[in-house]
Amino acid sequence: MTALTAARAPAEERRRARRSRRHRRDIRWSPYAFIAPFFLFFTAFGLFPLLYTGWASLHRVELTDPTHMEWAGPHNYARLWEDEFFWNALRNTFTIGVISTVPQLLMALGLAHLLNYRLRGSMFFRVAVLTPYATSVAAATLVFVLLFGRDYGMINWALGLVGFDAIDWQNGSWTSQFAVSTIVIWRWTGYNALIYLAAMQAVPSDLYESAALDGASRWQQFRHVTIPSLRPTILFTVVVSTIGATQLFGEPLLFNGAAGATGGADHQYQTLGLYLYEQGWVNLHLGRASAIAWTMFLILLLIAAVYGLIGRRLRKSR
């Protein structure tokens, strides 16, 4: 019996050694296996299209024959520099972004401040402010097209009650940009409000109690306690909203269906996203569209760098 046990001992040790090696390999490589699907999808649907678009931007390539590429170098980028429609789209993107982002974040901050107090049915209000975000872009834009209609729109009807003439919202320059901005404001205010609300609830209550003992009113507490505590969150929402404004596409495209990608008869609300779509899928110039896409990407990188510097200074000042 002792001899049999002694014979089995080496085999058992070898099995334990194999299990130990498998366990170590599992501990070492399993995390990479778990995250591998993300990197595979990111490479296929994120990195490869980005690099291929950059390569296409250096060629003359048409949608009718996308496999035929003729080397053009920086010609597509140089052409954008002299293209008045590109600069018009860039200005429109900037103005619509400012008109939509600033009121949106201010309103979101105010809503979050109200929701931060104990209200009856607070959960209902939190769900209600998020409802516009869950609405599709097409449905929201079509409703706002009806509201801003020149002849039978509710906005002009309300203005007529107080003595104002009807406004041609779609064909005016500033009026069309304002109307498109209201769609963005309506859709994203509640989303940002919930982000601010989550950040407000993370502020220590001791700060508010100390401020109240010092005689600070609610407005003073909001200015001197809440706002400084929300600086990183506010910077985050500004960055995300800026990126969204730079890529604005669905709202201006559907705001006037007859205009399509031109953004109005005079291109008065054509954004960079619409201009890219017009060049690539209407005029069939994929090389130019790729150059516009990479220009937008570089603009976003520049904006991210600026906000990164601002965030670094804010962290140093705390």
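The values are calculated or read from the model by the stated rules, or taken from the named source; none is laboratory data. Fair warning: this is a prediction, and the values are worked out from it, not measured in the lab. Backbone-built Cβ (ideal geometry, glycine too); neighbour counts: all protein chains shown. We work out accessible area using only protein heavy atoms, side chains counted, and drop any ligands, DNA or RNA first. Shrake-Rupley method; radii C 1.70, N 1.55, O 1.52, S 1.80 Å.
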Those residues that are under 16 Å from GLN270 (Cβ atoms), more than 15 Å from the chain's Cα centre (by Cα) and in a helix (DSSP H, G or I), I need them from segment 158-193; list them, please.
SER173, TRP174, THR175, SER176, GLN177, PHE178, ALA179, VAL180
I'm trying to understand the selection: among the residues of segment 26-61, which are open to solvent by less than 100 Å² (accessible area, probe 1.4 Å), in a helix (DSSP H, G or I) and hydroxyl-bearing (Ser, Thr, Tyr)?
SER30, THR43, THR53
Residue under question is TRP186, and the condition is that it be touching a residue at least 24 places away in the same chain (Cβ under 8 Å) and open to solvent by 80 Å² or more (accessible area, probe 1.4 Å); does it hold?
yes
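Looking at segment 90-138, which of the residues that are among the small types (Gly, Ala, Ser) and surrounded by fewer than 18 Cβ atoms within 10 Å (Cβ to Cβ) is nearest to LEU254 (Cα to Cα)?
First, the residues of segment 90-138 that are among the small types (Gly, Ala, Ser): 97, 100, 108, 110, 112, 121-122, 128, 134, 136, 138.
With surrounded by fewer than 18 Cβ atoms within 10 Å (Cβ to Cβ) added as a condition, the list becomes 110, 121-122, 128, 134, 136, 138.
On the way: GLY110: 30, GLY121: 35, SER122: 34, ALA128: 25, ALA134: 18, SER136: 12, ALA138: 7 Å.
Per the stated criteria, the residue is ALA138.
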Residue identified as in contact with a Gly (Cβ under 7 Å, 6 or more places away or on another chain), surrounded by 13 or more Cβ atoms within 10 Å (Cβ to Cβ) and not hydrophobic (A, V, I, L, M, F, W, C) among SER176, SER181:
SER176
Would you say PHE144 is open to solvent by 50 Å² or more (accessible area, probe 1.4 Å), in contact (Cβ under 8 Å) with a residue 60 or more places away in the chain and outside any loop (DSSP other than H, G, I, E, B)?
no
